[in-house]
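One structure is given below, encoded as structure tokens.
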Amino acid sequence: MDNKAEVRDFLTSRRGRVRPADVGLPDDGTARRVSGLRRVEVALLAGVSIEYYTRLERGNLSGASDSVLEAVARALLLDEAEREHLFDLARAAHGTSRRRRGPQPATVRPEVQATLDAITGGPAFVRNGRMDVLGANLLARAMYAEMFEDAEQPPNLARFAFLDERARRFYPDWNRAANDTVAILRTEAGRDPFDKGLTSLVGTLSTRSAEFRTRWAAHDVKQHYAGKKHFHHAVVGDLYLTYQALDLFAEQGLSMLVYTPQPDTGTEEALGLLASWASTPAAAPAAPRGTTAPR
């Protein structure tokens, strides 16, 4: 990916969303040709010259110190995910990005799969930064059964969200799921700009999905460690789950997501039905397209 273009578009988009009042600057009453702050205002807030900040926003982060990056992050009101993304882009500009060691595996090691299989109270799976699912327990395979039907392997959460029409039923709040998916991929693109698989995935999704293209152009990023999600499964209906994402330090670039049922939502009983359904031969392949959940 073009680092200079990534830096330029990211900084421009962040500057465009900050109003003078947000950072304590008075409105001088003059018409603004751009939304948000002017470059000179960002430079003033960051304590650098307008010439230097202009160079940064044009995509040249090489040589930018950590203190300058911190000052720019404060001036643009970046959150933690955005700040880390800016530093990732700077590492790429410096030639010090944490490049992956060789091609990524298509599956997890048997020991990791055994750990997943030992989790029986909720869905659990391991994914890489480009959202390939490399290993899953029984409940995760049952919950994401439609995704696992994809002829292209390994199954991929982003490909499912944008290229499979069933995803709009599976994710009741599809817009939120789509936004989060793209933000996770954008974060990974900053962290590992040399990932050819990610570049290929982004190219495919951009070509085939206008919804993806629009979101990708927004340059939003996200840290995805914990939260709540709502799914609608074609067989057992609504599932309300909390999740925790755990980095696997022995598996570079991989993380494990573990879902547990939210209390008093009926999800625990639904997961029991899901496990029973998944254990029957009729559960494979997954429910056909257009199937609705029994009531």
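The values are calculated or read from the model by the stated rules, or taken from the named source; none is laboratory data. What you see is a predicted model; the values in this text were computed from it and never measured. Because the Cβ atoms are built from the backbone with ideal geometry, glycine has one as well, and the counts that use them run over all protein chains shown.
If only one of Ala114, Ala145 is out of contact with any helix residue (DSSP H, G or I) (no Cβ under 9 Å at 6 or more places or on another chain) and among the small types (Gly, Ala, Ser), which one is it?
Details: Ala145 fails: out of contact with any helix residue (DSSP H, G or I) (no Cβ under 9 Å at 6 or more places or on another chain).
One residue alone meets the criteria, Ala114.
Do you know which residues across segment 189-200 are surrounded by fewer than 21 Cβ atoms within 10 Å (Cβ to Cβ), part of a helix (DSSP H, G or I) and in contact (Cβ under 8 Å) with a residue 12 or more places away in the chain? Gly197, Thr199, listed by residue number.
Evaluating Pro105 against the criteria (1) under 14 Å from Arg15 (Cα atoms); (2) free of Cβ contacts under 8 Å to residues at least 40 places away in the same chain leaves one unmet condition, (1). Within segment 55-68, the set of residues being out of contact with any helix residue (DSSP H, G or I) (no Cβ under 6 Å at 6 or more places or on another chain), closer than 17 Å to Phe10 by Cα, surrounded by fewer than 19 Cβ atoms within 10 Å (Cβ to Cβ) and not basic (Lys, Arg) comprises Asn60, Val68. Within segment 167-182, one or more residues are in contact with a strand residue (DSSP E or B) (Cβ under 7 Å, 6 or more places away or on another chain) and part of a helix (DSSP H, G or I). If you check Glu146 against the conditions, is it touching a Lys or Arg at 6+ places or on another chain (Cβ under 6 Å), within 30 Å of Thr214 (Cα to Cα) and among the charged types (D, E, K, R)? Taking the combined requirement at face value, the residue satisfies it.
Kindly provide the set of residues from segment 222-247 that are outside any strand (DSSP E or B) and exposed (fewer than 15 other Cβ atoms within 10 Å of the Cβ), ordered by number.
From segment 222-247, those outside any strand (DSSP E or B) are 222-225, 234-236; that's our starting set.
Passing the criteria: only Tyr225.
Residue by residue through segment 208-243, note down the ones that are among the charged types (D, E, K, R) and farther than 17 Å from Tyr171 by Cβ. Can you show your working first?
Initially, segment 208-243 is screened for residues among the charged types (D, E, K, R), giving 208, 211, 213, 215, 220, 222, 228-229, 238.
Once the filter is applied, which keeps residues that are among the charged types (D, E, K, R) and farther than 17 Å from Tyr171 by Cβ, segment 208-243 yields Arg208, Arg213, Asp220.
Just checking, does segment 205-219 include any residue being crowded, with 17+ Cβ neighbours inside 10 Å and either under 20 Å from Gly237 (Cα atoms) or at pLDDT below 95 (or both)? Lay out the reasoning, then the answer.
Here is the first cut: in segment 205-219, the ones crowded, with 17+ Cβ neighbours inside 10 Å are 205, 209, 212, 215-216, 219.
From the residues that got through so far, the ones that are either under 20 Å from Gly237 (Cα atoms) or at pLDDT below 95 (or both) too are 219.
Yes, there is a match, as at least one residue in segment 205-219 is crowded, with 17+ Cβ neighbours inside 10 Å and either under 20 Å from Gly237 (Cα atoms) or at pLDDT below 95 (or both).
Among the candidates Arg39, Arg74, the residue that is surrounded by 13 or more Cβ atoms within 10 Å (Cβ to Cβ), farther than 19 Å from Glu6 by Cα and outside the structural domain of His219 (by TED's automatic domain parsing) is uniquely Arg74.
Would you mind finding the one in Asp150, Asp132 that is closer than 18 Å to Gly197 by Cα, assigned by TED's automatic domain parsing to the domain that holds Glu188, acidic (Asp, Glu) and free of Cβ contacts under 8 Å to residues at least 24 places away in the same chain? Outline the logic, then answer.
On the way: Asp132 fails: free of Cβ contacts under 8 Å to residues at least 24 places away in the same chain.
Step by step, each of Asp150, Asp132 is checked, and only Asp150 is closer than 18 Å to Gly197 by Cα, assigned by TED's automatic domain parsing to the domain that holds Glu188, acidic (Asp, Glu) and free of Cβ contacts under 8 Å to residues at least 24 places away in the same chain.
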